[in-house]
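Structure record follows, encoded as structure tokens.
The values are calculated or read from the model by the stated rules, or taken from the named source; none is laboratory data. These numbers come from a predicted model, not from an experiment. Neighbour counts are summed over all protein chains in view; Cβ atoms, including those assigned to glycine, are modelled from backbone coordinates with ideal geometry.
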Amino acid sequence: MEKTVKITIDGKVIMAEPGKTVLEVAKESNIYIPSLCFHPRTGKAGACRACLVEVEGLRGLKESCGLQVKDGMVIRTNTEQILQVRKMIVELHLSNGEHNCIACERNGHCELQDMAYSLGIERPGFLVDYERIKLDESSAGIIRDANKCIECGRCIRACNHNVMHEVLDFGWRSGKTRVICDDDKPMGESSCVQCGECVQVCPVGALTFKNAKGAGQFWDLEKKKVICTYCGVGCSIDMYVKGNKWVYSMGTEENWEKQTNKGMLCVKGRFGFDFLNREDRLNTPLIRKDGNLQKASWDEALDLVASKLSESKLKYGPGSIGFFTSARVSNEENYAMMRLARGVIGTNNVDHCARL
């Protein structure tokens, strides 16, 4: 099997890995091909036609999200015909529904907006009559605005094939087709578990986080990569913060194939970090003095714990002491606790609260 194939995209010669699609290779080479229904973690859909390209020797325009690279391919991504097709696709989406970018939570981080900007579209060329759908704010953490939905199907594939909760699907028919939860229930009354995967893959502002509403626009936020502290899986999280305050969490997309969580998060990893912003959160150790808990330094607290453990060991023996560790810390930290218990104290009384 060939290790690489040589292709040309817009005059640029690229050595590509066999089996990859034209769209994947273009993205890796920083060549812009828009894609509204394709996402690396949901795969090819071939529905939006935004990623059409021209391939020398092949008739018609081809979907780059499903076209595998072959040696000698010559590909063009920005011919006059392609740009006209893309412009029509964007204008149709902008004409149907409510795409008021100024007030949208996805302003500055919207793939439809990026497409419109790249094509120089300031306003749609025509308008389509539509029946406004009521905002769904029934769920604990997610706002659904069907008026902004472009029916790309990403959220459906992510729900059914990534996290496999099988809540979302297309419902109704023709011009009334829309994404529904279960048998068209409000999200808060459906079987949705609030993992937020649908929000993460949505290319527009149809799905957003409640806790992020009005908290800051995308360019105001700073991204911090952290490891989730809720269990021992070690999920990688991109935390978006503003003014040193947590705003929302996304599963890390960068090198997602090599991440433990493959870019996904559970409800705790997604929404369970609001405690970081609490004013009454403890930030120093507390020591009980004269019957009252008082603030202390870390050195003071650790010295007290060490002296009490030594005192108990001398008086009652190492078997009188037990250690509890947690699934919320790393394997290395659990190992260190075990070494402390057995190697320093001399006890085998070590337990693990796997259920937190």
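In the range 126-144, the residues that are under 11 Å from G196 (Cα atoms) reach residues that are among the polar types (S, T, N, Q) and assigned to a strand (DSSP E or B) with C-beta atoms within less than 6 angstrom, at least six apart or across chains, in these pairs: I143/T208. All of (1) in a loop (DSSP other than H, G, I, E, B); (2) in contact (Cβ under 8 Å) with a residue 12 or more places away in the chain; (3) farther than 29 Å from C159 by Cα; (4) not β-branched (V, I, T) hold for N283 with one exception: (2). Taken together, V247, V233 contain a single residue that is over 30 Å from G343 (Cβ atoms), outside the structural domain of N331 (by TED's automatic domain parsing) and β-branched (V, I, T), which is V247. Applying a threshold of 6 Å to beta carbon distances and a minimum spacing of six or more residues, or different chains, the list of pairs starting in the range 94-119 at a residue that is aliphatic (A, V, I, L, M) and ending at one that is not in a helix (DSSP H, G or I) reads L94/P124; L112/V204; M115/P34. If you go through the range 116-130 and pick out every residue that is under 12 Å from M88 (Cα atoms) and either surrounded by 13 or more Cβ atoms within 10 Å (Cβ to Cβ) or among the acidic types (D, E) (or both), you end up with 4. Only residues that are assigned to a helix (DSSP H, G or I) and either among the basic types (K, R) or modelled with pLDDT under 95 (or both) were counted in the range 25-43, giving 2. Of the residues making up the range 320-335, just one is modelled with pLDDT of 95 or more and in a helix (DSSP H, G or I), namely S320. Applying the criterion of at least 2 residues that are charged (D, E, K, R), within 24 Å of the chain's Cα centre (by Cα) and in the same structural domain as P34 (by TED's automatic domain parsing) to the strands (runs of 3 or more DSSP E) found wholly in the range 90-202 leaves an empty list. In the range 44-55, is there at least one residue being in a strand (DSSP E or B) and touching a residue at least 60 places away in the same chain (Cβ under 8 Å)? So far as the range 44-55 goes, no, none of its residues is in a strand (DSSP E or B) and touching a residue at least 60 places away in the same chain (Cβ under 8 Å).
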